[in-house]
Amino acid sequence: MDDLDGAIDGVLDGGAAGVGLESTVVQVLDGVIHILRPGGITRAQLQKAVGEGVRIVPEEKSAQAASPSEEGGTDSGDAAAAPRAPGIKYRHYAPQGSMLLITGDDPARMVAAVREAAAEVRSTGAARVGIIACEEHADQYTGAADEVLVCGSRAAPAVAAQQLYATLRRCDRLNLDAIVAEGFSEAGLGEALMNRLRKAANGHERRV
């Protein structure tokens, strides 16, 4: 709604989205399904639908796949070419403030790294600093930032996916200059959730 303010005359509101993230976008080349943008339909669901005889390539490998040319052949995927699907190349649905994504397999190390990163940002003079966290860790960030925004549970990535964009919008309403965000597991729907978090952070990611 914020993006459309002043650009259209009206909106039909159908209520909260069932998934909260845009659709999965794929491209089929030589019998291989390349996931251009992960979404509500997971890689496992695609594999179940098409069978084990069809290979499905995740996003990071799909970026290297050849793109169909206007003549029906393929080209080498020039870096300057337009993206093949919405939201796969540029900073996407990002908050106004700068954002850093902290990822890792050890929750305790990740929490410590988030606190450390928030302190680093504060030391640079950022007026308002926020932390995006899962509900399991939120209490551990007391005093570490001006605002702690809970974005669902690590145990329920589907809920976190539903709440992600609303959480990013809250960052703007709270006038946050900088945000440090926790990463989530990339299993199942978490793959799409992490894709959107990386887009919002514009590639600024620190793995611990």
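Brief remarks on what is shown
- Contacts under 7 angstrom Cβ, first residue in the stretch 130-157 being farther than 15 Å from A178 by Cβ and in a loop (DSSP other than H, G, I, E, B), partner at pLDDT 95 or above and among the acidic types (D, E), 6 or more apart: C134/E182; H137/E182; G152/E135; R154/E136
- If you filter the stretch 164-189 down to residues that are among the polar types (S, T, N, Q) and more than 13 Å from V150 (Cβ to Cβ), you find that the one that is modelled with the lowest pLDDT is S185.
- Some residue of the stretch 25-36 being among the small types (G, A, S) and modelled with pLDDT of 65 or more: yes
- Taken over the stretch 70-103, the criterion of being modelled with pLDDT of 60 or more and on the phi > 0 side of the Ramachandran plot is satisfied by Y93 alone.
- The residues on offer are T142, T167, T124, and the sole one that is more than 21 Å from T42 (Cα to Cα), of a type outside the set (A, V, I, L, M, F, W, C) and under 19 Å from the mean Cα position of the chain (by Cα) is T167.
- Looking only at residues of the stretch 111-158 that are touching a Cys at 6+ places or on another chain (Cβ under 9 Å) and among the aliphatic types (A, V, I, L, M), we find that the one that is modelled with the lowest pLDDT is A155.
- Positions within the stretch 163-195 being outside any helix (DSSP H, G or I) and of a type in the set (A, V, I, L, M), in sequence order: L174, L176, A178, I179, V180, A181, A187, L189
The values are calculated or read from the model by the stated rules, or taken from the named source; none is laboratory data. What you see is a predicted model, and the numbers here were worked out from it, not measured in a lab. Here the Cβ is made from the backbone with ideal geometry for all residues, glycine too, and neighbour counts use every protein chain on show.
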